[in-house]
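So the structure is just underneath, and the comments pick up after that.
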Amino acid sequence: MLPLLLMTALAAEDIKPLPPIPHPRQLAWQKMQQYAFVHFGPNTFTDVEWGEGKEDPKLFNPTALDCGQWARTAKAAGLTGIIITAKHHDGFCLWPSKYSTHTVAQSLYKGDVLRELSNACKKEGLKMGVYLSPWDRNHPSYGTPEYNQVFANMLREVLTSYGPIFEVWFDGANGEGPNGKKQVYDWPLFVNTVRKYQPNAVIFSDAGPDIRWVGNESGHSDPECWSTIDRDRYVAGTPLYQELTKGKRGGKDWVPAECDVSIRPGWFYHKEQDGQVKSPETLMKLWEESVGQNGSFLLNVPPDRRGLWHENDVMALLGWKKLLDEVYGKPLNVAAAFSGPADPGDSALVNVTLSKPRIFDRVELREPIGLGQRIAGFRIEALVDEKWTVLSNQTTVGNRRIVRVPRTKSDRIRIVITDSLAEPLLTSVILYWTGR
Ligand code: FUL
């Protein structure tokens, strides 16, 4: 076993990276951890999940739209950005696009929702992202080569008018348009358009290129979760999506996972789901299984017909933040508690010594992912009644890995690395008590 290196003991420039490694835009994105998704559009007013594109644009008529309310709540809940459905499958544009006649400009609400959101995010210090569905059930050119340029033009409008965009979310769905034809998407054109106008934005789809769908819409990755895949194996809308949950050990490309889920059963607001908002406890569990499993957490909170986040959703978000603060805001140790990189004779081991025995039930590990994802197997042990007891056997670490362990009281914990693609590196081992 190669020696385990503690980043506290070594300067990063002394360590050889293990390719592939993240691009700076991917590293910046990974730091955002949890952010909001907003599904909003004609579907909010027609009570469906997938509009047909034939809806009268006048139906879109929020009575009290306040993106500031979303942004203030998101900020208070610890979310770091908001990604909005600028255009869903029905083709309706939440901005007054010059390339469509199915937009806010034709609705009773005459404003520009993207402008409102951009101003609100700036005010609260949140980042803004956009979802644009290439599938368009309204646009007359959909299903012809001309549509690819229309979509690129729409992208350009959105990417040049509202300030920095941190993520562009491409939905993989590819159905029929108004003329009954499917579109052959020009992905290189779409990707180049984003790179040209927002080079710092990460591009999401089933197949990346920057970040990948996690293969489910339930908001979690797998305990074994690699930030690497072989990208050329996938296309947007891939039938191999189940592989995306774990990613691939030793994959050629750095394409980390984003875990999307809605706070309600639907992506869009439906009044009858007001009683089905996920509880703070559920949100906490999903956060642990996404951010705490080497992914990011994209939580959808759909505005209602007023154009506001519903009171029940706001309560759930703030309740979740309270739980996060109570537990993850109060680690039981600090990184300085490391006793050193090695015990003689078993070099792949980190000792954590606490000043006094503490009760804990979560152990968090972090790898310095800028140098590649390395650890492929580890064991968590604690000294209990003078015996080293195994609390958990796991595989990957990545950016953040939060491991649920049995309630344990101890002042000595050790991490034994059992498998690694290169010299294993850890920046932190942190203990928490959740009582759950
Ligand atoms: C899916 C879409 O079809 C849903 O309507 C929703 O937008 C979800 C996030 O992605 O592919």
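With respect to the chain, whose longest principal axis is taken over its alpha-carbon atoms, helix 311-327 is tilted by about 20°.
Summary value for the chain: 18 percent relative contact order, contacts being C-alpha pairs under 8 angstrom separated by 6+ residues.
Placing pseudo-labels 7 Å out from each Cα toward the beta carbon at residue 326 and residue 436 gives an inter-label distance of 1.0 nm. Considering segment 277-436 at the alpha-carbon level, its Rg and Dmax are found to be 17.8, 65 Å. Rounded to the nearest 500, the 222 nm mean residue ellipticity of the chain from helices alone is -6500 deg cm²/dmol, with -39,500 (n - 2.57) taken per DSSP H run of at least 4 residues. Around the Cα centre of the chain, unit charges on the Cβ atoms of Lys, Arg, Asp and Glu (plus for the first two, minus for the last two) sum to a dipole of about 740 debye.
Just how many % of Cα pairs in segment 345-402 lie over 14 Å apart, if you round to the nearest whole percent?
Values: 1055 of 1653 pairs.
Of the Cα pairs, 64 percent sit more than 14 Å apart.
Our estimate of slack between residue 418 and residue 23, defined as 0.36 nm per intervening residue step minus the Cα-Cα distance, is 139.4 nm. What the Cβ-Cβ distance of residue 311 and residue 386 gives, at R0 = 60 Å and to the nearest 0.05, is a FRET efficiency of 0.65.
So, by mean Cβ neighbours within 10 angstrom, what's the order for 310-322, 124-136, 234-246 with the highest one leading? Mind dumping the intermediate values first?
On the way: 310-322: 18.5, 124-136: 22.4, 234-246: 16.6.
Averaged packing, sorted descending, gives the order 124-136, 310-322, 234-246.
Beta bridges assigned by DSSP with both partners in the chain are antiparallel in approximately 55 percent of cases. For a label point 7 angstrom out from the Cα of residue 404 toward its Cβ, which stretches of segment 251-286 have the backbone nitrogen within less than 20 Å? Under 20 Å, as judged by backbone N against the label point of residue 404, lie 259-263, 278-286 of segment 251-286. Taking each of 98/182; 182/278; 122/330; 278/322 in turn, the alpha-carbon distance tops 26 angstrom for 182/278; 122/330. Gain on full extension, evaluated as 0.36 nm per residue between residue 243 and residue 379 minus their Cα-Cα distance, stands at 46.5 nm.
Spatially, segment 251-306 and segment 346-397 are offset by 28 Å when compared through their Cα centroids. Each Cα pair under 8 Å and six or more residues apart adds its separation to the average, and for segment 1-154 the resulting relative contact order is 24 percent.
Treating each Cα of segment 111-163 as an identical point scatterer and summing with the Debye formula, the log10 of I(q)/I(0) at q = 0.13, 0.16, 0.19, 0.31 Å⁻¹ comes to -0.41, -0.57, -0.72, -1.21. Relative contact order, whole percent, for segment 172-306 stands at 24, derived from Cα pairs under 8 Å and 6 or more residues apart. For the chain, the longest principal axis of the Cα atoms and the long axis of helix 280-290 meet at an angle of about 70 degrees. Relative to its Kirkwood radius, the Cα radius of gyration of segment 232-320 gives an Rg/Rh of 1.07. Quarter the surface of the alpha carbon convex hull of segment 148-215 and you get the mean projected area, 5.0 square nanometres.
When Rg and Dmax are taken over the Cα atoms of the chain, they come to 23.0, 74 Å.
Let's see if you can work this out: charge +1 on each Lys and Arg Cβ, -1 on each Asp and Glu Cβ, no other charges. What is the dipole magnitude of segment 382-436 about its Cα centre, in debye to the nearest 20? It would help to have the intermediate numbers written out before the result.
Values: 9 positive and 5 negative charges, 68 e Å.
Roughly 320 debye, rounded to the nearest 20.
Cross-link partners of residue 16 among aspartates and glutamates, defined as those whose alpha carbon lies under 19 angstrom from its own and excluding same-chain residues fewer than eight positions apart: 253, 367, 419, 423.
Taking the C-alpha atoms only, the angle from helix 67-76 to the longest principal axis of the chain is near 10 degrees.
Ordering 21-32, 93-104, 156-167, 384-395 by mean Cβ neighbour count within 10 Å, with the highest value first, yields 93-104, 156-167, 21-32, 384-395.
To one decimal place, what orientation-averaged projected area in nm² is obtained for the convex hull of the Cα set of segment 256-301?
Hull-based average projected area comes out at 3.1 nm².
If you add up the charges near residue 76, with Lys and Arg at +1 and Asp and Glu at -1, over every other residue whose beta carbon is less than 13 angstrom from its beta carbon, what do you get? It would help to have the intermediate numbers written out before the result.
Values: positive: 72, 75, 321, 322; negative: 124, 313, 325.
Net charge in that neighbourhood comes out at +1.
Taken about its Cα centre, segment 21-171 carries a charge dipole of roughly 660 debye when the Cβ of each Lys and Arg holds +1 and the Cβ of each Asp and Glu holds -1.
Each reported figure results from applying straightforward, stated rules to the coordinates on display, with no laboratory input. All figures in this text were calculated on a predicted structure; none of them were measured in a lab. Reconstructed Cβ throughout: ideal geometry from the backbone, glycine too, with neighbour counts over all protein chains shown.
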